[in-house]
1. Could you please tell me which pairs satisfy a Cβ distance under 8 Å, a separation of 6+ or placement on different chains, a first residue in the range 179-194 that is under 21 Å from residue 256 (Cα atoms), and a second residue that is of a type in the set (Ser, Thr, Tyr)?
2. Got a sec? Which of 86, 13, 68 is farther than 23 Å from residue 212 by Cβ and either among the aliphatic types (A, V, I, L, M) or in contact with a strand residue (DSSP E or B) (Cβ under 9 Å, 6 or more places away or on another chain) (or both)?
3. Can you work out which of the residues in the range 50-105 that are under 21 Å from residue 144 (Cα atoms) and of a type in the set (Asp, Glu) is surrounded by the fewest Cβ atoms within 10 Å (Cβ to Cβ)?
4. Against the conditions (1) within 20 Å of residue 269 (Cβ to Cβ); (2) touching a residue at least 60 places away in the same chain (Cβ under 8 Å); (3) out of contact with any strand residue (DSSP E or B) (no Cβ under 7 Å at 6 or more places or on another chain), where does residue 136 fall short? Just the number, please.
5. Residues that are in a helix (DSSP H, G or I) and modelled with pLDDT of 90 or more: does the range 271-280 have at least one?
6. Output the residues belonging to the range 234-262 that are part of a helix (DSSP H, G or I) and within 16 Å of the chain's Cα centre (by Cα).
7. Looking at (1) of a type in the set (A, V, I, L, M); (2) more than 29 Å from residue 283 (Cα to Cα); (3) in contact with an Asp or Glu (Cβ under 8 Å, 6 or more places away or on another chain), can you tell me which one residue 216 breaks?
8. Tell me yes or no: at least one residue of the range 38-57 is polar (S, T, N, Q), in contact with an Asp or Glu (Cβ under 9 Å, 6 or more places away or on another chain) and under 25 Å from residue 104 (Cα atoms).
Amino acid sequence: MENDWAQYLRSHLGAVDEDKIWEPTAEKLAIAKKLGDLVKDLNMSIVCAQPVRQIEGFTDPKQRMANLASVVNRFPFLRAFDTDMLFLVSNIGAENSTIELKTVANDLRELGDMAAAFARQDGGPMIKIGYEGLSWALRNTWSSTWEVVRAANRPNVGLIVDSFNWLAVEFADPYNNEGHGRIYPTLEESLDVLCSSIASMVASVPAEKIFLLQIADAELIDTATLNLTRYQNPDAPQLLPWSRNFRLFPMEEERGAYMPVELITAAILAAGYEGPLSMEVFSRSLERPDADVPKTHAQRAFRSFEMIMKAAELVPKFWGTIAPACAEKWGAKLLAQTRTKFADRPLTNGHGETRANGVAH
C-alpha cells in the first residue's frame, strides 16, 4: 500500500516526500477522500488499510513513541477512505526490538486505546487494530500472534488470519519438490499436525476476535526456479520470494496450487466467522504489461471464491473436543477423493506453466 499511496499522491501533487505520505495534512486527506469516494461510486468498500510494518516490540522509548505516533497519523486517513480497520504485520526482527510478550502486548494495547480515543473524539465508528503474523517474522504462527492479542485485552484489537502465512510455516516447504516435509516427513503427518493446529485455534479464538480472513494458495514450483529467484535477492528471508512471486488463488490446481486452504477456511467459517474474506495474492502475473491484468485476476478471484466455498462445505468436521484424528477423518479423504494426490501435482516454472523433465509446456 505504501507504494500505491505514494504513487496516487504523485498523480495529484507531483513530487512527494515518501517519509511524509501519511502526514495527515488537509491536502492529503482531501486526496484520500477523493479515492474513498471513487471506491464508493463503484459500489465497493474498503475493508481495511494495510499493512503497517515494524511497529511493535521496540525497546528504545523514543523509537517506540515515534512508531505509535506513525500509526495514529493514519487514523484520519481511515476516515477519508471510509474504513474502520488498520492492521499491523508482525516485526521481522528490526534492530532494537524484542518479541517479549509483555512488551509487544503493551504496544498493541496502547494502540487499541489510542484508536478508541480517536473514535470517541471524532464521533465516528470504532477503529480496529488487526495483528497478522508473517511467515518469516519473529511471531509467525497464529498461536504466537493470538497470545499477543489476548494479552492486549482490548475489544478493538484482534487477529488477522492469513492462510498462506499459516500454511507456509506449519505445512509447506517450497524448497522440496513434494511441497511439504520441512517439519514432518510424510504428508499424513503434516496434515495430522496441521489439522490439530486448526482445531486448537477454533477451540481457543472466539470468532469475533478474528477481524479478517485472508486466503491464498501458492505454486508447487520447481526448486531450481525458486532458488534462482532467491539468488537474485540473497538477503531476503527464505520464504519471501515464494510469498511475493508465486501465490495463487485457492484451488487453482491447473496453475500449480496445492495447499489445503479449504481446511482453514472450513474451520474458521464453521466456528462462526462472519467478517470479510480477502484474496491476498502476490504474483509475478500482476506485473505483466497487459491492460486486462486487473480484469483477469478479478475473474480468477471470483472463480476461486466459488470453488473454495464449495470445497469448504465438503470438509468433514475434524475440529472439536471429540473429533477423531485428522489423519483418519480428513487426511486420507484429501489424498484419495477430494484433491489430486500431491505427488501427482505438476511442478510449474513460476508462470503457471507445468514442467516435465525440466521443460515447460
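1. As it stands, the answer is 179/258; 180/190; 181/190; 182/175; 190/184, since those pairs meet every condition given.
2. After applying the criteria, what remains is 13.
3. 95
4. The one condition residue 136 does not meet is (1).
5. no
6. Correct list: 240, 241, 242, 243, 244, 245, 261, 262.
7. Here residue 216 clears every test but (2).
8. yes
The values are calculated or read from the model by the stated rules, or taken from the named source; none is laboratory data. Computed from a prediction, not measured in an experiment: that's the story for all the values here. Cβ: placed from backbone, ideal geometry, glycine included. Neighbour counts: every protein chain shown.
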